[in-house]
Every structure is written in C-alpha cells, then in structure tokens.
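J.: One structure is given below, represented as structure tokens, and several questions about it will come after.
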Amino acid sequence: MSFLHIHNVHKRFGDTHVLKGIDIAIEKGDFLVLVGPSGCGKSTLLNMIAGLDAISEGELLLNGERINDLHPSRRDIAMVFQSYALYPSMTVAGNIGFGLEMRKVPKAKRREAIQRAAELLQIENLLNRKPAQLSGGQRQRVAMGRALVREPQLFLFDEPLSNLDAKLRVDMRTEIKQLHQRLGTTIVYVTHDQIEAMTLATRIAVMRGGELQQLGTPQSVYDDPNNLFVAGFMGSPSMNLVTARITRQDGALVARIASANNEVTLPIVRDRAALEAWCDRDVMLGLRPEAITDPASANREDGEIHEAELEVALVEPTGADLYVVTRLGGRSINARMRPGAPLSPGQSTRFAFDVSRMVAFDPETEARIRDETDATTQVTARPAALGQNV
C-alpha cells in the first residue's frame, strides 16, 4: 500500500469545480512536486492534505489511515508556508520550538530538538535573533526548522521559495534537496516553477485546470510527455513543437516539415507502429532544444542523427550554452549548440536532429501518439485532453 494516496479527490466551491478527480499515490520517502500554472488547483490540493480545506468527494489515506475528517492537529503533518508565518516578537529558537511548547513537550527535550534542527539547517548562530534581523533565506530556514522539530509523517511545502531572489532560490533549492536526502522524509511540495520541480522531485504531478495531466519521475515527464500541455510546460526553453505530415519515402515512414526555403524530412524511429495509422495525416512533432544541435556536438552513439540545412534567425549565448533560433514549420525552433560556435543571423548552417527523441501528438485531442507497449508514466486527465492512445 502506498504511503500517501490521494484517491479520486474533488473540490467544489459552490458551482466552481476546482479539483476534478485527482488520483496520486506515493511511497514513503518520496518527494512529490505538484507543478502547474497559477489557478490549476495545486495549493488547494495541498491545503486539503493539511486539513485546511475540506474534501468535497474522494479519499485521503496517510500510511493506511483515512484522514478526510481528521482535525489538522491530529494528522501528524507539518506545513511550510510561502509567507514564513514567523512570530515577530519571538526569537528564532522560540519560533522553532513554539509548536513543541504548545504540545507540552518538556523544556529540556525542546532545547535538544531546537538545537538538532538548527544544526541541520546551519542556523545555530541565529537562535537568539528575531525575524526582523534575518534575511529572506534565513527566515525560510527558521520556518523549515519549526516543521522539522515536530518529526511528522509528512512535510508540506507551499511555494516556499517564491519570495526569494534568483540566486537565493537556487541555494535554498539545493539545501532542501540535501535535507530530504539526509532525513529520507516524505514531502509534498507545490511550485509553479518547472525547473524547481525537475530539480527537487522524485515524482512530479503536472496539473492543469484542476486535473492531473501526468504523474511520473522527472525524467519520464520530461522525455516522454503525455500531451501537448506537458510538453510545452516542462523544460526551459520548452519543447519545440511543429506541424508535420506523416508520409512514406522509399518504403520508410517519415515526417515532412515545411521550412522557408525547402522541406525537411525526418525519419520516424520512435512510436513507429502507432504512427503507421497517421500516414498522409498531420501531427504535432516535438523535439527538445538539446535534441537539435550542431553536427559536431550530436550524440551519434546513443541517438539517431539526421542533418538539415537551415537559416539562423537569432543567436542567444548564455555562457554554458549557445541557443540558436531557426524557422521550421512556420514556427521558431530553439537548438542548443556548443558555446562559441561561429554563427550569426542570416547565415545558413547544418542542424543535427536526434530523431530518436522525437515525439508526436494528435493536433486535435493534444494526446501523445505512442506505441501501446510504451507505458512509462501514470496519467489521469480529462478525456478531451488526453483521449485514447493511438
């Protein structure tokens, strides 16, 4: 049995159906990240797990116990909020130990628990300060310490890094991941930042409009998106998506894509059996930017490379990478090339496509077109969004 099971959960506020049959199961020690755009229902789901919002329909099971009607104080769950929610008149030590004091934990045990949490979070030197004397990152550590000392079954994080600047977000992200690895705790974490989700999670649940679009490991969600929304939402830059016609060339299945000066033909090597049914029809093809590169950087050992001559529209150096924009199928396409490549707008150059990483989608239902044997992810979503696998 899974440690946390969110079973067919619905939430309604009057006539507004906010969550529509969410089904998620994770094991003890998992780091589940709920990710999606603003308003998709991820914070509402987190509040329902915490007991701050009532469930309209469905079940929440924690370690085998049904907790739907259990008071928040009896759920053995600790929550870290976006706003830190620290008491300004208390010291750091007082804030961390306040929950234990309310539970009548003896003073000596409280002191030991506060010290352990402070050492884990490297804030021992801040215990006598008050929140106004702390930076944003230090305040977030204190909020985490207050949750840690309780030693709950489950930790909930509601966009804890959204108030921090970019560099501090990266630093705190690393610390949260290291903390999870050291303690082996079970965490449910909400964010709208897909990079944060990819970095932290052992499992990602991608949500949209109150529905679960895909559930899986970060790599499976990234490499094997289940629909156009997941493909476009996960990744930065996002997956390149172009219209292509599936046809035959010399007996082999290929995808033909219009470009400014000619037509690019890419061989179909993935989901070939499913795409047979799409011959002489249009699909949406998806390729990650790193699967389109310069010929010298192409991974010819693990991938299947096909080259095409295209015009450079824009060059965006980022230091570690060079992103090159070209036009294909009437859309701008991002390619990731080696830094320092001598390219400039208007120049024609060879692009190397790793077609082994190419995926296809039904342009009407937005569902992934995949071979029936390729079932690497769990999915729950509305029929119109995902449809039936072709």
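Each reported figure results from applying straightforward, stated rules to the coordinates on display, with no laboratory input. Since the structure is predicted, the reported quantities are computational estimates derived from the model, not experimental observations. Heads up, the Cβs are rebuilt from the backbone with ideal geometry, glycines too, and the neighbour counts pull from every protein chain shown.
J.: Run the numbers for ALA341 and ILE305: contour at 0.36 nm per residue of separation, minus the present Cα-Cα distance, in nm.
T.: Full extension from ALA341 to ILE305 adds 11.0 nm.
J.: Calculate log10 I(q)/I(0) of the chain for q = 0.13, 0.14 Å⁻¹, where I(q) comes from the Debye formula with a single equal point scatterer on each Cα and nothing for solvent.
T.: Reported log10 I(q)/I(0), two decimals: -1.07, -1.16.
J.: Quick one: give the max-minus-min coordinate of the C-alpha atoms of the stretch 8-88 along each principal axis, largest first, in Å.
T.: 39, 30, 24
J.: Now, a different point. Please arrange ASP250, ASP362 by how many other C-beta atoms lie within 10 Å of their C-beta, fewest to most.
T.: Least to most surrounded, the residues fall as ASP250, ASP362.
J.: Still on this structure, please answer the following. Net charge near ARG139, counting Lys/Arg +1 and Asp/Glu -1 over other residues with Cβ under 13 Å of its Cβ?
T.: Counting the neighbours of ARG139, the net charge comes to +4.
J.: While we're on this one: Only Lys, Arg, Asp and Glu count, each charged at its Cβ (+1, +1, -1, -1), so figure out the dipole size of the chain about its Cα centre, rounded to 20 debye.
T.: 1920 debye
J.: If each residue of separation counts as 0.36 nm, what is the full-extension length gain between ASP321 and GLU276 once their alpha-carbon separation is subtracted?
T.: Additional length available on full extension: 12.6 nm.
J.: Only four residue types carry charge here, +1 at the Cβ of Lys and Arg and -1 at the Cβ of Asp and Glu. Report the dipole size of the stretch 239-370 about the Cα centre in Debye, rounded to the nearest 20.
T.: Roughly 80 debye for the stretch 239-370.
J.: Would you mind computing, in nm to one decimal, how far apart the modelled labels at GLN219 and GLU59 are, each placed 7 Å from Cα along Cα→Cβ?
T.: Going from the GLN219 label point to the GLU59 one covers 3.4 nm.
J.: Could you tell me whether the stretch 257-332 comes out rounded, prolate or oblate from its Cα gyration tensor? Rule is a ≥ b ≥ c as square roots of the eigenvalues, rounded for a/c under 1.5, then prolate if a/b exceeds b/c, otherwise oblate.
T.: Here the stretch 257-332 falls in the oblate category.
J.: Would you please classify the overall shape of the stretch 4-232 from the alpha carbon gyration tensor, given that a ≥ b ≥ c denote the square roots of the eigenvalues, rounded means a/c under 1.5, and beyond that prolate means a/b larger than b/c while oblate covers the rest?
T.: Prolate is the answer for the stretch 4-232, as a/c is 1.5 or above and a/b outweighs b/c.
J.: Please identify the trypsin sites (Lys or Arg not before Pro) of the stretch 262-291 that satisfy two criteria: DSSP loop assignment and at most 15 other Cβ atoms within 10 Å. Which are they?
T.: none
J.: If each DSSP helix of 4+ residues adds -39,500 (n - 2.57) and the sum is divided by the residues in the chain, what number results at 222 nm, nearest 500 deg cm²/dmol?
T.: -7000 deg cm²/dmol
J.: Ok, one more. In whole Hz and in residue order, list the ³J(HN,Hα) couplings for the stretch 335-345 that follow from phi through the Karplus curve 6.51 cos²θ - 1.76 cosθ + 1.60, θ = phi - 60°; x for Gly and Pro.
T.: 3J(HN,Hα) across the stretch 335-345, in whole Hz: 10, 9, 10, 5, x, x, 4, x, 10, 8, x.
J.: Radius of gyration and Dmax for the stretch 239-370's Cα atoms, expressed in Å?
T.: That works out to 14.5, 43 Å for Rg and Dmax.
J.: Here's a follow-up. Let me check I have the definition right: for the stretch 27-155, take the eigenvalues of the Cα gyration tensor, multiply each by 5, take square roots. What are those semi-axes in whole Å, largest first?
T.: For the stretch 27-155, the ellipsoid semi-axes come out as 28, 18, 13 Å.
J.: Also: Residues with amide H under 5 Å of ASN240's amide H, sequence separation 5 or more or different chain, H placed in the peptide plane at 1.01 Å from N; which?
T.: Answer set, sorted by chain and number: LEU287, ARG288.
J.: If you don't mind, another one. From the C-alpha gyration tensor of the stretch 60-133, pull out the three semi-axes of the equivalent ellipsoid (sqrt of 5λ each), sorted largest to smallest, in whole Å.
T.: Result for the stretch 60-133: semi-axes of 27, 15, 12 Å.
J.: I want to check the label-to-label distance for ASP76 and ASN262. Put each point 7 Å from Cα in the C-beta direction and report it in nm to one decimal.
T.: 6.6 nm
J.: Of the options VAL324, VAL254, VAL264, report the single residue whose Cα projects farthest towards the positive end of the charge dipole of the chain (beta-carbon charges: Lys, Arg +1; Asp, Glu -1).
T.: Towards the positive end, the residue furthest out is VAL324.
J.: Okay, next question. Within a 10 angstrom radius of the beta carbon, how do SER332, SER356 rank from fewest other beta carbons to most?
T.: Least to most surrounded, the residues fall as SER332, SER356.
J.: A follow-up question, please. Determine, for SER348, SER238, the number of other Cβ atoms within 10 Å of each Cβ, and report the residues in order from fewest to most.
T.: If I rank by nearby Cβ atoms, fewest first, I get SER348, SER238.
J.: Does the stretch 81-210 come out rounded, prolate or oblate by the C-alpha gyration tensor, with a ≥ b ≥ c the root eigenvalues, rounded set by a/c under 1.5 and, if not, prolate when a/b is larger than b/c and oblate if not?
T.: Prolate is the answer for the stretch 81-210, as a/c is 1.5 or above and a/b outweighs b/c.
J.: What does the extension gain come out to for THR174 and GLN249, with contour length at 0.36 nm per residue minus their alpha carbon separation?
T.: Difference between extended and current length: 22.1 nm.
J.: Straight-line reach from LYS42: which lysines fall under 17 Å, measuring Cα to Cα and dropping same-chain residues less than 8 apart?
T.: LYS11, LYS20
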